[in-house]
């Protein structure tokens, strides 16, 4: 498995890359940090650097997603989507490997 980009996420990434005149070799870099009982914290950004010694690359519909190899096991099966609605617009990340919502002690559900 891998990290999956939905078609909506691919369209938004391509639009942003075009608007910022980014090189076609630029990839979406996904970072991961521990988030306590609320699960993992993710970061998304653009990066033209790929080091096969420490990075892994996934490609969906012409968009590459890169992350550190040490994160790959934690991200296996993760889906990146882009959503628009009354509350705003943005990317969402669904990781089947980790529950979300937090614990009762911090108000999570």
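The values are calculated or read from the model by the stated rules, or taken from the named source; none is laboratory data. Quick caveat, the model's predicted, so the values are computed rather than measured. As a convention, Cβ positions derive from the backbone with ideal geometry for all residues, glycine included, and neighbour counts pool all protein chains shown.
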Fill in: Of residues in region 1-27 being within 15 Å of the chain's Cα centre (by Cα) and assigned to a loop (DSSP other than H, G, I, E, B), the one surrounded by the most Cβ atoms within 10 Å (Cβ to Cβ)
3
Discussion item. Just the residues that are in contact (Cβ under 8 Å) with a residue 24 or more places away in the chain and in contact with a strand residue (DSSP E or B) (Cβ under 8 Å, 6 or more places away or on another chain), please, taken from region 27-49.
Written reply: 27, 28, 29, 30, 31, 32, 40, 42, 44, 46, 48
Discussion item. Here's a check for you: in region 39-83, which residue that is modelled with pLDDT under 90 and in a strand (DSSP E or B) is nearest to residue 25 (Cα to Cα)?
Written reply: 60
Discussion item. Name the single residue that is farthest from the chain's Cα centre (by Cα) among those in region 84-97 being exposed (fewer than 12 other Cβ atoms within 10 Å of the Cβ) and not in a strand (DSSP E or B).
Written reply: 86
